[in-house]
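Following: one structure in structure tokens, then a few remarks.
The values are calculated or read from the model by the stated rules, or taken from the named source; none is laboratory data. None of the values given here were measured: they were computed from a predicted structure. With ideal geometry, Cβ positions are generated from the backbone for all residues, glycine too; neighbour counts draw on all protein chains shown. All accessible areas refer to the heavy atoms of the entire protein, side chains included, with ligands and DNA or RNA removed. Shrake-Rupley method; radii C 1.70, N 1.55, O 1.52, S 1.80 Å.
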Amino acid sequence: MKIPFLALKSQFEKIEPDIRAAIDRVLNSQRFIMGPEVEKLEESIANITETRSAIGVSSGSDALLCSLMAADIEPGDEVIVTSFSFFATAGCIVRMFATPVFVDIDPVTYNVDPQAIADAITEKTKAIVVVHLFGQCADMDPINEIAARHGLIVVEDAAQSLCSKYKEQLAGSLGDVGCFSFFPSKNLGACGDGGMIVSRNRELGEKCRLIRQHGSSPKYHHPVLGGNFRLDAMQAAILNAKLPYLKEWNSARCRNAEIYNELFAGTDVQVPQIADYNETVFHQYVVRVKNRDQVRNRLQKAGVPTEVYYPEPLHLQPCLAYLGYKQGDLPVSEQAAAEVLALPIYPELTEEVQTYIAQQLIEAVKETSGVELAAVV
């Protein structure tokens, strides 16, 4: 059985006429930078996230960078951030010549531990970057309370969480500014890079809008220093074509997660735990197993693709060694990095394939641990 980890081709085949029509629309208009396609997408994302401002940008990473620029992060400022995330979460802080202060995660949700944030605040702290990992929102009420008490900016890295909810509020609307990615693997993915900034704070949102285009207003006049963070019209048009399918795709991901949960019930495979106050989009379905690397090798031989998000926490990355972190400083993040394993969760996945994946994983765990596990029915 040949199983892809991500079935982008299958998705494209089902909506190919819509995508080609969107591309033709842009080609016929010859409006390749900004323009009506970007404006339409911005309006749609603002409505989806229930925010006042949506600003299309060139990538999720640039969304973070632009947001930190708008928040006036300066050299020497400290920005508190989780260590268990994609590198861009911390890399954008370093690019601002600020200092990322890494804190540990909740062992159940893998999101940042609010108490760890509180313990890390110093007189140099300027902002908190909160990641909603794998499609599940962090516990935002205590985080926002901490931020308000200390006068800190809260930036949501919601790259994996478009349409996720925290206590009925949507990801991206929970802090001062929210950042999304349209990387092709996301639940709403472009045919290349793309991103979006959203904010309920109109002033902050408009500052991001100014910064994304070299800080220029009017043209050739630059009241602030910005960058070239514009979203291509072609990518916006493709995303506009995909948007009507997003709800269906998110529902399919949740359905597939429920199937996995049933298949793994009673085994030593630790399935994702979703907090009672959250509604997730299951951007990734991440299980946890002992002897992860041996299990993964066994699955590869059986034709089951997997990914590890993320094998090395950010505080241990070689390029950040100058910060002085060492093994053992953030034990929960480090243990998660050694045990997590992502399984295919794309909407087009069939129950037959999921059953095969589950069977192989259970057998792999059994073989590598010597523990008898319940078989998939």
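Here is how the numbers come out for the structure above:
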quantity: Å² of accessible area per residue within the chain, as computed with a 1.4 Å probe and no ligands counted; calculated: 44
quantity: Projected area, mean over directions - the chain, Cα convex hull, nm²; calculated: 19.0
quantity: Cβ-derived FRET efficiency at R0 45 Å, L27 paired with V108, nearest 0.05; calculated: 0.40
quantity: Area of V198 that stays accessible when all protein chains are in place (1.4 Å probe, Å², to 10); calculated: 0
quantity: Between the range 145-162 and the range 18-56, the Cα center-to-center distance that results, in Å; calculated: 27
quantity: Sorted largest first, extent of the range 250-334 alpha carbons per principal axis (Å); calculated: 44, 38, 23
quantity: Stretch in the chain that is longest and holds no GluC sites (Glu not before Pro) that DSSP places in a loop and that have at most 14 other beta carbons within 10 Å; calculated: 169-371
quantity: Local electrostatic count, E262, Cβ distance below 12 Å [Lys/Arg +1, Asp/Glu -1]; calculated: -1
quantity: Listed residues L330, L8, L316, L225 arranged by accessible area, highest first, probe 1.4 Å; calculated: L225, L8, L316, L330
quantity: Carbon/sulfur fraction of accessible area - the chain, other protein chains in place, 1.4 Å, %; calculated: 51
quantity: Accessible surface of F86 - all protein chains present, 1.4 Å probe, nearest 10 Å²; calculated: 120
quantity: Segment K124-N228, extension gain: residue separation times 0.36 nm, minus the distance between their alpha carbons; calculated: 34.5 nm
quantity: Reachable lysines from K165, criterion Cα separation under 20 angstrom, eight or more residues apart if same chain; calculated: K186, K247
quantity: Neighbour count of at most 16 Cβ within 10 Å plus DSSP loop: longest trypsin sites (Lys or Arg not before Pro)-free window in the chain; calculated: 53-123
quantity: √(5λ) per eigenvalue of the Cα gyration tensor, the range 1-119, largest first, Å; calculated: 35, 23, 14
quantity: Percent RCO, i.e. relative contact order, over the range 244-367, from Cα pairs under 8 Å lying at least 6 residues apart; calculated: 39
quantity: Solvent-free Debye scattering, log10 I(q)/I(0), computed from the Cα coordinates of the range 63-138 at q = 0.11, 0.21, 0.26 Å⁻¹; calculated: -0.25, -0.89, -1.25
quantity: Accessible-area order (highest first, 1.4 angstrom probe) of the listed residues D157, D106; calculated: D106, D157
quantity: Length-normalised contact order for the chain - Cα pairs under 8 Å, 6+ apart - percent; calculated: 21
quantity: Computed FRET value (nearest 0.05) for E145 with S10, which takes r as the C-beta separation and R₀ as 51 Å; calculated: 0.70
quantity: Extended-chain gain in nm, criterion 0.36 nm per residue less alpha-carbon gap, K219 and K326; calculated: 33.7 nm
